[in-house]
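For reference, the structure discussed in these notes is given below.
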Amino acid sequence: MPDYKWPAMNKRKIMGTRVSRLDGPAKSSGRAKYPSDMNPQGLLQTAILVSPHAHAKIRSINTDAAKSMPGVAGIRTFVNAGAEVQWANAEIAIVAANTEEQARDAVRAIKVDYEVLPHMVREENLAKAGTRAKAAGEQITGDPDQALKDADVVLQSEYGIPVITHCCLEPHGQVSEWKGDAINFWPSTQAVSTVGNQLAQALSFDAAKIKVTCDYMGGGFGSKFPADSWGAEGARLSKDTGGRPVKVFLDRATELTIAGVRPSHFMKVKVGAKKDGTITAWQSDSWSTGGFAGGGMAPIPYVYANIPNRRMNHAAVSLNAGPQRAWRAPNHPQASFLTTSAITDLAAKLNMDPLDVFLKNANLTLREATYKSQLEKAAKMIDWKAKYHAPGEGKGTIRRGVGIGVATWGGAGHASKCKIVLHPDGSVEVELGSQDIGTGTRTCITMVAAETLGLPMSAIRVKIGTNSYPASGPSGGSTTIGGVSSSTRKAAVNALEKLFEKVAPSLGVPADQLEAVDSRIQVKGNPNKAMSWKQAAQKMGPQSIEEMGENVPAQAPREGLNTLGASGVQMAEVEVDTETGRVRMRKLVAVQDCGLVVNPKTAESQVYGACIMSICSALFEERVMDAVTGRVLNPDMEFYKLAGLPDIGEIEVQMDITPEHDARGIIGLGEPCAIGGGAAIANAIHNALGVRVPLAPATPEKVLNAIGNRRYA
């Protein structure tokens, strides 16, 4: 069996170096074409009619007037009379026309008779949920009742974090072209190899005859895996109109309402501890929602999950609101916020530095040494010892504080196949049905192939973004980098072995005595007995070498190419104006491990982006529902607030690169770094004020409400 293991650190020439994204110039110059940029000849534009009601039964739909309007080429309905819609902006009908304006005019001409039904769209008060709250079942470990009685200190508190949306800058959508017995499909997707299969299932069509192409996509964050109802209806409209291509992209209001949200999570908790800060008991009642299907249970207590005495109850609350979808570490940011808020408040009740409490209880985590090390590193980066003070201590109206957030994630590599072709002219092509969702996947694949083949990156042509290449998994669960790197490594090693067999007779040694170094094939350790890469390629004759490599998740841990289990710590420093309630970021630091780092530059970039997302959710983001109408009140970029450049402050990232982490192989990074930042900011605000802002985001109104009548000198 070939030796697929990663080269030792001191032997790497490309992996582990700071490489800029290969697609950076194309994206920054506008040459990169996204699915929403696709405008084939004869393109039809669309508009979607959505329900104005949060809960209603459809009595009838009449499209007659719309069909006769200028430019209208086709109309389809998503639902029929008698159907029930369960949230506002649910899809009712779609119109395809020569122009977007004509499609919108036709949508307004469609007549729908609704029977409006009762709805519920707010979940903050669990007592009002009634039968809409479904208990998940009690989980008990040890004897929490006795442990709480025996505890020297018991914290009792409540916290909550709201629903937020994915807010993809390129909305959900696609261009479809039904040509005879084949379909061309250009979706904005995180799942190039699998989204065609989903479309085929919806259409009862042959998946092998659907060509998916997505060279670039403008944000997904976990929400862009399925073909979606609008994908299927767009394809049907193309068929109905004789194969004309049809473009369907959601408008911003629909995008922010039904295309995916991160669930809320609320918790009432009791935490017991000894005087020295040792946590002995945890009892929580939590509830969450992501829409009509309810919401999952966040993994609480989070990271510090081995508290000996625990009782957890959770309820999933069904609302008449758009459905949840995976959002960059599903349930983990909420869990970190809830758990670390409680631990920080417990530390205040103990009159202890929360850093000491987090360190004291590191033995309750699965990676004690790693968290201790990361807490200490982050504390030095933010100068915790100099900046921490007793909660609320200080003078004046401007108060500063620091706080801690923690994270964990899996990140094992997904299933992935890769083909590498070595051509007689010396060129190299790498093909796999993956996607680069903006994380630098193209660049990392190129680095792995170049490292393995002993070539410069410029000699490698990576071909991804279509399902016509060997299948690779969706970009979810932080599994992409592990999957594609491992399959690429294997394919490159396999191809190189075949090349060695061709070259070995000319160099007079067995094939297993050869190596590829600095664009040449040489006898191991002997650069004087070698030939250039191009000379070696000529030994292939007229036939190219084609070899496959495959990452099989069940085998990966044994092979050591990719494993799972990432940890991270983030610390924040904030400044709070006690007169206006405005929170200003001063600094956010992140220490993050992810096993072997292929490209430190793009890895750090992932963490920077995650930190910015954390700032957004901690201080600005919140889906606001109107209890009366059942509608989202801020489904736009004016009132659904995100952080701007002046809101970010300083961000400092340290990848936790050690020989021990390298030895674990590659571990996904996309999600773990998006978990702890919001918690750290919330806890920094507590440190600054001496009072807890229990509900995120920490808007000026909520900060002032928390301060209440407290006076400041």
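The values are calculated or read from the model by the stated rules, or taken from the named source; none is laboratory data. The structure presented is a predicted model; accordingly, all values stated were derived computationally and were not measured. Cβ placement follows ideal geometry from the backbone for every residue including glycine, while neighbour counts extend to all protein chains displayed.
Which of the following residues is without any contact (Cβ under 8 Å) to a residue 60 or more places away in the chain and under 30 Å from Thr488 (Cα atoms): Asn62, Asn10?
Values: Asn62 fails: under 30 Å from Thr488 (Cα atoms).
Going through Asn62, Asn10 in turn, just one is without any contact (Cβ under 8 Å) to a residue 60 or more places away in the chain and under 30 Å from Thr488 (Cα atoms): Asn10.
Search region 149-165 for residues being in contact (Cβ under 8 Å) with a residue 24 or more places away in the chain and charged (D, E, K, R), and hand back the single one that is farthest from Leu642 (Cα to Cα). Spell out how you get there, then give the answer.
Keep residues of region 149-165 that are in contact (Cβ under 8 Å) with a residue 24 or more places away in the chain, which gives 150-165.
Of the ones still in play, those that are also charged (D, E, K, R) are 150, 152, 158.
Values: Asp150: 45, Asp152: 42, Glu158: 26 Å.
Ranking the candidates gives Asp150 first.
Go through the residues of region 420-430 one by one and say whether even a single one is crowded, with 24+ Cβ neighbours inside 10 Å and within 30 Å of Leu169 (Cα to Cα).
Yes, there is a match, as at least one residue in region 420-430 is crowded, with 24+ Cβ neighbours inside 10 Å and within 30 Å of Leu169 (Cα to Cα).
Considering region 225-247 alone, what residues qualify as being more than 17 Å from Ile48 (Cβ to Cβ) and either among the hydroxyl-bearing types (Ser, Thr, Tyr) or in contact with a helix residue (DSSP H, G or I) (Cβ under 9 Å, 6 or more places away or on another chain) (or both)?
So in region 225-247, the residues more than 17 Å from Ile48 (Cβ to Cβ) come out as 225, 239, 242-245.
Answer for region 225-247, where residues must be more than 17 Å from Ile48 (Cβ to Cβ) and either among the hydroxyl-bearing types (Ser, Thr, Tyr) or in contact with a helix residue (DSSP H, G or I) (Cβ under 9 Å, 6 or more places away or on another chain) (or both): Phe225, Lys239, Arg244, Pro245.
Helices (runs of 4 or more DSSP H) wholly in region 524-627 with at least 3 residues that are within 23 Å of Ile460 (Cα to Cα) and not hydrophobic (A, V, I, L, M, F, W, C) - which ones? Step through it out loud before you land on a result.
On the way: elements: 533-538, 556-559, 600-619.
The qualifying helices (runs of 4 or more DSSP H) are 533-538, 600-619.
Which of (1) of a type in the set (Gly, Ala, Ser); (2) in a helix (DSSP H, G or I); (3) in contact with a Gly (Cβ under 6 Å, 6 or more places away or on another chain) does Ala202 not meet, given it meets every other one?
Looking at each condition in turn, Ala202 falls short on (3).
For Gly525, indicate whether it is free of Cβ contacts under 8 Å to residues at least 24 places away in the same chain and at positive phi. Walk me through it before giving the result.
On the way: free of Cβ contacts under 8 Å to residues at least 24 places away in the same chain: yes; at positive phi: yes.
Here the answer is yes, as Gly525 does meet what is asked.
For residues that are outside any loop (DSSP other than H, G, I, E, B) and of a type in the set (Gly, Ala, Ser), scanning just region 379-417, find the one that is surrounded by the most Cβ atoms within 10 Å (Cβ to Cβ). It would help to see each step written out before you state the result.
Our first condition is that a residue be outside any loop (DSSP other than H, G, I, E, B); within region 379-417, this holds for 379-382, 384-387, 398-409, 416-417.
When the remaining residues are screened for being of a type in the set (Gly, Ala, Ser), the result is 379, 386, 401, 403, 405, 407, 416.
Details: Ala379: 23, Ala386: 8, Gly401: 27, Gly403: 27, Gly405: 33, Ala407: 31, Ser416: 30.
Only one residue tops the list, namely Gly405.
Could you list all residues from region 118-166 that are assigned to a loop (DSSP other than H, G, I, E, B) and more than 30 Å from Gly222 (Cα to Cα)? Spell out how you get there, then give the answer.
As a first pass, look at region 118-166 and keep what is assigned to a loop (DSSP other than H, G, I, E, B): 118-125, 129, 136-138, 142-143, 151-152, 162-163, 166.
Matches in region 118-166: Pro118, Gly142, Asp143, Ala151, Asp152.
Residues in region 475-500 that are under 27 Å from the mean Cα position of the chain (by Cα) and surrounded by fewer than 24 Cβ atoms within 10 Å (Cβ to Cβ): how many?
Counting residues in region 475-500 that are under 27 Å from the mean Cα position of the chain (by Cα) and surrounded by fewer than 24 Cβ atoms within 10 Å (Cβ to Cβ) gives 2.
Has region 554-570 got at least one residue that is of a type in the set (Val, Ile, Thr) and either modelled with pLDDT under 95 or surrounded by fewer than 20 Cβ atoms within 10 Å (Cβ to Cβ) (or both)? Please lay out each step first, then the result.
Just the residues of region 554-570 that are of a type in the set (Val, Ile, Thr), to begin with: 563, 569.
Add one more test, that the residue is either modelled with pLDDT under 95 or surrounded by fewer than 20 Cβ atoms within 10 Å (Cβ to Cβ) (or both), and what stays is none.
No, region 554-570 has no match at all.
Being of a type in the set (Gly, Ala, Ser), outside the structural domain of Arg442 (by TED's automatic domain parsing) and in contact with a strand residue (DSSP E or B) (Cβ under 7 Å, 6 or more places away or on another chain) is true for just one of Ala54, Ala8, Ala93, Ala26. Which residue is that? Steps first, answer last, please.
Numbers: Ala54 fails: in contact with a strand residue (DSSP E or B) (Cβ under 7 Å, 6 or more places away or on another chain); Ala8 fails: in contact with a strand residue (DSSP E or B) (Cβ under 7 Å, 6 or more places away or on another chain); Ala26 fails: in contact with a strand residue (DSSP E or B) (Cβ under 7 Å, 6 or more places away or on another chain).
Going through Ala54, Ala8, Ala93, Ala26 in turn, just one is of a type in the set (Gly, Ala, Ser), outside the structural domain of Arg442 (by TED's automatic domain parsing) and in contact with a strand residue (DSSP E or B) (Cβ under 7 Å, 6 or more places away or on another chain): Ala93.
Considering only residues that are touching a strand residue (DSSP E or B) at 6+ places or on another chain (Cβ under 7 Å) and crowded, with 18+ Cβ neighbours inside 10 Å, which ones fall in region 60-87?
Ile61, Thr63, Ala66, Val72, Ala73, Gly74, Ile75, Thr77, Phe78, Val85
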